[in-house]
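Structure, as structure tokens:
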Amino acid sequence: MPRAFTPKVVTANALLEGDAVWFTEDNTWTRDMAQAELLTDEAHADLRLLEASARQDEIAGPYLADAKPTNDGPAPTHFRETFRTRGPSNYNHGKQAEV
Amino acid sequence: MYSYTDFDAAFVAERNRQFRAQVERRIAGSLTEDEFKPLRLMNGLYLQLHAYMLRVAIPYGTLNSAQMDQLAFIADKFDKGYGHFTTRQNIQYNWPKLNEVPDILEALADVEMHALQTSGNTIRNVTADHFAGAASDEIADPRPVAELLRQWSTDHPEFQFLPRKFKIAVTGSPNDRAVTRAHDIGLRMVQNDAGENGFEVIVGGGLGRTPMVGKVIRDFLPVTDLLAYVEAIVSVYNLLGRRDNKYKARIKITVHENGLETIRDMVESRFEQIKPGFTGFDQGLLAQIEHAFAPPAFKTASTDGYEAARMANPAFRSWTDTNLTAHKNDGYAIVSVSIKKHGQTPGDATSEQMRVLARIARDYGHDELRISHEQNVILPHVHKSDLPAIYAALREADLATANIGLVSDIIACPGMDYCALATARSIPVAQQIATRFDELKVEHDVGPLKIKISGCINACGHHHVGHIGILGLDRAGVENYQITLGGDGTEDTHIGERAGPGFAYDEIVPAIERLVLGYLNLRTDPEETFLQTFHRLGADPFKAILYPAKEAQNAA
């Protein structure tokens, strides 16, 4: 039996800076995952990934990442995606230093 | 040291010019990422979790002070003020911006450095013993051969699309400090009965998901045949290596599946076929390169001041006990500078530390520096009379940690703090182990012990050959760490054996503490190292220490 679909966000790396970005409802890229569009329907998620992938001059390596809804917006469910919202643990670099 | 010829300089400049244009086309949107990716990888540019990463080759780990100063300049101008030295003698910048990478490559070319073939399915940076040209146990300096291999492999038209990446390591000493048996090709210098220098050629070693110890394909290869023979090996691999399955594509699998005898026959046959094409040009080139690696003009001076300083300053004495290695010249020493102060990230150096190291090399070290695969910086030629001054300068830069070869001298890959392939973090585990053993003040009592940590099965952190290896995995969405025991990366290369079930992130440091302190009760005397105790007793008593509850259950 195919695994049940779990909510997703479209994420990628920004073309110039290479940092993590997430795709929003209005077809822009945000550096705050909570602003991303949460995709709860599989067909819609696949479509949004295609649309995001077409924006080659803005990003690289788009994919669907698991996410869960929270009061603040979508949040990561896996530690890898959590790290992408923050930055490395050995220095105060990356997103944790910018926000 | 080798200096670029006009050909080298023009070649690197042309490649940089091409890459600048490729980056411009990518940013303008006329190249997709799929089209651009192989091009950027050929120039050492990766895309990781939080940013791009540029991997710069430090051929056979050798740098002069001007190059080290330039690495510091790049760290300040284009990155966040530091660089990460890797287990393959490269330096990685973790925060470059795509549009600035061509400028970084030009800055590197200004000091005769590049990032070519630090990624992709090509022959990678050729590594060598970090004590090359200085070690007292050395037959000959292996770096001329490494440089010859660098020139031969760079843009070699036959080997730009190999089944998988290909790594070569060279050592000129019987004591293998270059992990040659864990490389696709390992070259270990030996002498034949006539006293001539040649190489024991090892093939098919590698770590990663299927660790294998390299096998000897030729006991003795004359230096004159080296290039033709290595070309024959890579050529046979290029033909036989599997392109259908990435996980079976390395030469270790090719050797394993076809058998060493078949590979040897094919290599010898190919060797005979191509040998006539090597009409001596390579040997002429090698002679020129050897000239460039002539030993420095060693000085003679009294070492009385050094001995007196040792007696007077216990901290200096401790540092000289752990961080020095015998030099082939009696008045000299090889200094290993630890860039692993307790709690710091293994392999990271700030731009200020790089400049201090460059200055010391210029003032006291015949202008030479090395990067070791164990992620430290080496001053290969230091007169003993200069050691007190060097120690004082290192102390000021937080570089005087006396821990070479000890528990806190940990190899760790970047892990999931940076790497897109990682399955768990390695850096914080290394930091916590080092900090904990510093608190316990036992690492000098524990003695020689190599802990190596990888954040995924690809084993960049060499965990398979750590006396204690730690492998970070993702187990059902949680970081989990497996321990291996008894690995060895020397001429007696052994793959460590898995101790048992993995440990959670907050359990791994206490488990290592238990294991190391437990060893102290198992050894016969303070002279018996962890590895020797492991060889004498086997894994069982160590497993009992790691899994006490299970042991109690079995006893009940």
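The values are calculated or read from the model by the stated rules, or taken from the named source; none is laboratory data. Worth saying up front: this structure is predicted, and the values here are computed from it rather than measured. Heads up, the Cβs are rebuilt from the backbone with ideal geometry, glycines too, and the neighbour counts pull from every protein chain shown.
Only one of these is within 14 Å of another protein chain (Cβ to nearest Cβ) and either out of contact with any helix residue (DSSP H, G or I) (no Cβ under 6 Å at 6 or more places or on another chain) or of a type in the set (Asp, Glu) (or both): A:Val21, A:Val9. Name it.
Working: A:Val9 fails: within 14 Å of another protein chain (Cβ to nearest Cβ).
When all the criteria are applied, what remains is A:Val21.
Applying the condition of being within 23 Å of B:Leu449 (Cβ to Cβ) and hydrophobic (A, V, I, L, M, F, W, C) to segment B:350-393 and asking which residue is farthest from the other protein chains (Cβ to nearest Cβ) yields B:Ile378. Assigned to a loop (DSSP other than H, G, I, E, B), crowded, with 17+ Cβ neighbours inside 10 Å and either at pLDDT 95 or above or within 9 Å of chain B (Cβ to nearest Cβ) (or both) - does that describe any residue in segment A:69-88? Within segment A:69-88, one or more residues are assigned to a loop (DSSP other than H, G, I, E, B), crowded, with 17+ Cβ neighbours inside 10 Å and either at pLDDT 95 or above or within 9 Å of chain B (Cβ to nearest Cβ) (or both). Across segment B:518-556, the qualifying residues are those that are among the aliphatic types (A, V, I, L, M) and farther than 25 Å from B:Ile495 by Cβ, and the one among them that is modelled with the lowest pLDDT is B:Ala556.
Can you pull out every residue in segment B:518-546 that is small (Gly, Ala, Ser) and assigned to a loop (DSSP other than H, G, I, E, B)? Before the answer, list the steps.
Quick first cut of segment B:518-546, residues small (Gly, Ala, Ser) only: B:518, B:538-539, B:544.
Selection gives B:Gly538, B:Ala539.
Residues that are within 14 Å of another protein chain (Cβ to nearest Cβ), within 24 Å of the chain's Cα centre (by Cα) and farther than 17 Å from B:Asp409 by Cβ within segment B:429-479 comprise B:Gly455, B:Cys456, B:Gly472, B:Leu473, listed in sequence order.
Filtered by the rule that a residue be closer than 30 Å to B:Arg188 by Cβ, more than 20 Å from the chain's Cα centre (by Cα) and either within 14 Å of chain A (Cβ to nearest Cβ) or crowded, with 24+ Cβ neighbours inside 10 Å (or both), segment B:480-494 gives a lone residue, B:Ile483.
Across segment B:111-128, which residue is nearest to the other protein chains (Cβ to nearest Cβ) among those that are part of a loop (DSSP other than H, G, I, E, B) and of a type in the set (S, T, N, Q)?
Of the residues in segment B:111-128, the ones part of a loop (DSSP other than H, G, I, E, B) are B:111-122, B:124-126.
Imposing the further condition that a residue be of a type in the set (S, T, N, Q) reduces the set to B:117-119, B:121-122, B:125.
Details: B:Gln117: 21, B:Thr118: 17, B:Ser119: 15, B:Asn121: 19, B:Thr122: 22, B:Asn125: 23 Å.
Only one residue tops the list, namely B:Ser119.
Whether a residue is without any contact (Cβ under 8 Å) to a residue 60 or more places away in the chain and either in contact with an Asp or Glu (Cβ under 6 Å, 6 or more places away or on another chain) or within 14 Å of chain A (Cβ to nearest Cβ) (or both) was assessed, and B:Pro38 does not pass this test.
Take B:Thr490 and decide whether it is assigned to a loop (DSSP other than H, G, I, E, B), in contact (Cβ under 8 Å) with a residue 40 or more places away in the chain and hydroxyl-bearing (Ser, Thr, Tyr). Here the answer is yes, as B:Thr490 does meet what is asked. For segment B:161-212, a residue qualifies if it is closer than 14 Å to B:Ala128 by Cα, in contact with an Asp or Glu (Cβ under 7 Å, 6 or more places away or on another chain) and β-branched (Val, Ile, Thr), and the qualifying residues are B:Ile168, B:Thr171.
Residues in segment B:242-271 that are buried (at least 21 other Cβ atoms within 10 Å of the Cβ) and not in a helix (DSSP H, G or I): B:Arg250 only.
Within segment A:40-52, can one find any residue that is facing chain B (nearest Cβ under 10 Å) and either part of a loop (DSSP other than H, G, I, E, B) or under 25 Å from B:Cys413 (Cα atoms) (or both)? No: segment A:40-52 contains no residue that is facing chain B (nearest Cβ under 10 Å) and either part of a loop (DSSP other than H, G, I, E, B) or under 25 Å from B:Cys413 (Cα atoms) (or both). Just the residues that are under 14 Å from the mean Cα position of the chain (by Cα) and β-branched (Val, Ile, Thr), please, taken from segment B:120-149. Across segment B:120-149, the qualifying residues are B:Val126, B:Thr127.
Taking the conditions (1) touching a helix residue (DSSP H, G or I) at 6+ places or on another chain (Cβ under 9 Å); (2) surrounded by fewer than 14 Cβ atoms within 10 Å (Cβ to Cβ); (3) part of a helix (DSSP H, G or I) in turn, B:Gln22 satisfies each one other than (2).
Among the residues of segment B:63-110, write down those that are among the basic types (Lys, Arg) and either within 14 Å of another protein chain (Cβ to nearest Cβ) or buried (at least 19 other Cβ atoms within 10 Å of the Cβ) (or both). If you could, list the steps in order and put the result at the bottom.
Narrowing segment B:63-110 to residues among the basic types (Lys, Arg): B:77, B:80, B:88, B:97.
Of everything in segment B:63-110, those that are among the basic types (Lys, Arg) and either within 14 Å of another protein chain (Cβ to nearest Cβ) or buried (at least 19 other Cβ atoms within 10 Å of the Cβ) (or both) turn out to be B:Lys80, B:Arg88, B:Lys97.
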